[in-house]
Amino acid sequence: MEAMRDFNFYLKWSATVVLIVFTVMTNLQMTPANLWVGVLSSAMWSLWSFRVKEWSLIVVNTMMLGIGIVGVVNSFI
């Protein structure tokens with residue numbers, strides 16, 4: 001159980017750092033690279049939310065992941 005808590009701790013804080021990087025990249029208009037970082041952040045937060053069974057965050061982050069993927073696909077069109 002301790003190893004799982006450690007993984008969740010590092011996943012949560014890594015996702016936080018990636019989310020901050022995404023926000024900085026978005027504000028600097030670093031498109032489309034920021035979209036990829038946003039998808040990574042949403043995927044990490046979704047994984048963490050599923051692991052800790054936090055349903056409100058599962059919904060929010062899974063929706064953000066889907067919207068982010070649409071943005072990435074849209075950047076190729």
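The values are calculated or read from the model by the stated rules, or taken from the named source; none is laboratory data. The shown structure was predicted, so the numbers you read here are calculated from the model rather than taken from an experiment. Because the Cβ atoms are built from the backbone with ideal geometry, glycine has one as well, and the counts that use them run over all protein chains shown. Ligands, DNA and RNA are excluded from the accessible area calculation, which covers all protein heavy atoms including side chains. Shrake-Rupley method; radii C 1.70, N 1.55, O 1.52, S 1.80 Å.
For the reader, a short list of remarks on this structure follows.
- Degrees separating the helix 33-52 axis from the principal Cα axis of the chain, which is the longest one: 20 degrees
- Taking the longest Cα principal axis of the chain as reference, the axis of helix 2-27 is set at about 20 degrees.
- Across the chain, Cα pairs under 8 Å and at least six residues apart give a relative contact order of 29 percent.
- The chain: angle of helix 55-76 to the longest principal axis, Cα-based, in degrees nearest 10: 30 degrees
- Among (1) 44, 21, 17; (2) 48, 25, 22; (3) 52, 31, 16, the entry derived from the coordinates for Cα extents along the principal axes in Å: (1)
- Solvent-accessible ranking of I20, I58, largest area first, probe 1.4 Å: I20, I58
- Candidates per trypsin sites (Lys or Arg not before Pro) in segment 1-72, loop by DSSP, up to 16 other Cβ within 10 Å: K53
- Cα→Cβ-extended label distance, 7 Å offset, between T23 and I58, nm: 2.6 nm
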